[in-house]
1. Out of the residues in the stretch 32-66 that are farther than 20 Å from Glu18 by Cβ and at pLDDT 95 or above, state the one that is surrounded by the fewest Cβ atoms within 10 Å (Cβ to Cβ).
2. Does Phe87 satisfy the criteria of being at pLDDT below 95 and either within 20 Å of Ser9 (Cβ to Cβ) or in a loop (DSSP other than H, G, I, E, B) (or both)?
3. Testing Ala51 on (1) among the small types (Gly, Ala, Ser); (2) touching a strand residue (DSSP E or B) at 6+ places or on another chain (Cβ under 8 Å); (3) without any contact (Cβ under 8 Å) to a residue 12 or more places away in the chain, one condition comes back false. Which one is that?
4. With the requirement that a residue be in a strand (DSSP E or B) and touching a helix residue (DSSP H, G or I) at 6+ places or on another chain (Cβ under 6 Å), what does the stretch 107-141 give you?
5. Answer yes if at least one residue in the stretch 114-125 is surrounded by 17 or more Cβ atoms within 10 Å (Cβ to Cβ) and on the phi > 0 side of the Ramachandran plot, and no otherwise.
6. Does the stretch 7-21 contain at least one residue that is farther than 15 Å from Gly117 by Cβ, touching a residue at least 40 places away in the same chain (Cβ under 8 Å) and either surrounded by 20 or more Cβ atoms within 10 Å (Cβ to Cβ) or touching a Cys at 6+ places or on another chain (Cβ under 9 Å) (or both)?
7. Need pairs with beta-carbon distance below 7 Å; first residue in contact (Cβ under 8 Å) with a residue 40 or more places away in the chain and within the stretch 123-135, second in a helix (DSSP H, G or I) and buried (at least 24 other Cβ atoms within 10 Å of the Cβ); sequence gap 6+ or separate chains.
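The values are calculated or read from the model by the stated rules, or taken from the named source; none is laboratory data. Small disclaimer: the values here were computed from a predicted structure and weren't measured. Every residue, glycine as well, gets a Cβ built from its backbone with ideal geometry; the counts of neighbours run over all protein chains shown.
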Amino acid sequence: MISLKPTLSAAQAREMIETSKSKADELNVPCSIAVIGPDGYLLAFDRQDGAMSGSVELAINKAFTAQIFNNGTDRLSVLARPGAELFGIQHSHNGRVVVFGGGVPIQFNGQAIGAIGVSGGTVAEDVAIAEAGAGILAERLVPCGA
């Protein structure tokens with residue numbers, strides 16, 4: 001029996017970037033936006049004019065974190081507080097784990113098949129921009145090879 005796993009295409013990743021850029025422009029927030037695949041590597045990236053240099057690695061690492069934990073980075077922030085069950089998790093994976101909002105997993109049938117990470121605004125702005133990008137694919141993901 002052949003089992004096809006869903007995946008993100010480079011074209012879908014670029015579409016997510018463009019949608020996120022539109023939301024960032026609407027909010028007047030120059031930012032960096034990263035989309036990664038299920039393997040944790042970049043599919044697409046954009047750094048808008050005026051985005052802080054520190055936003056580059058944060059956007060990539062927010063996407064990485066959302067992918068490996070199949071959870072939004074804003075939700076992980078609660079679990080990583082002192083005394084919570086994941087306290088200190090941000091020190092794992094060579095410091096790549098980010099525990100504040102802006103990373104959103106892309107899911108298909110509950111499975112993370114990629115993620116988007118945004119950095120450059122407030123936590124609420126980063127989350128809104130990332131969710132805008134992630135939201136455009138909700139109804140259109142298809143299995144690889146279909």
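1. Ser53
2. Yes: the conditions hold for Phe87.
3. All conditions pass for Ala51, except number (3).
4. Here is the first cut: in the stretch 107-141, the residues in a strand (DSSP E or B) are 107-108, 111-119.
Scanning the stretch 107-141 gives Ala112, Ala115, Ile116, Gly117, Val118, Ser119.
5. yes
6. Within the stretch 7-21, one or more residues are farther than 15 Å from Gly117 by Cβ, touching a residue at least 40 places away in the same chain (Cβ under 8 Å) and either surrounded by 20 or more Cβ atoms within 10 Å (Cβ to Cβ) or touching a Cys at 6+ places or on another chain (Cβ under 9 Å) (or both).
7. Matching pairs, first to second residue: Ile129/Ser20; Ile129/Ala24; Ala130/Ser20; Ala132/Ser20; Gly133/Met16; Gly133/Ser20; Ala134/Met16.
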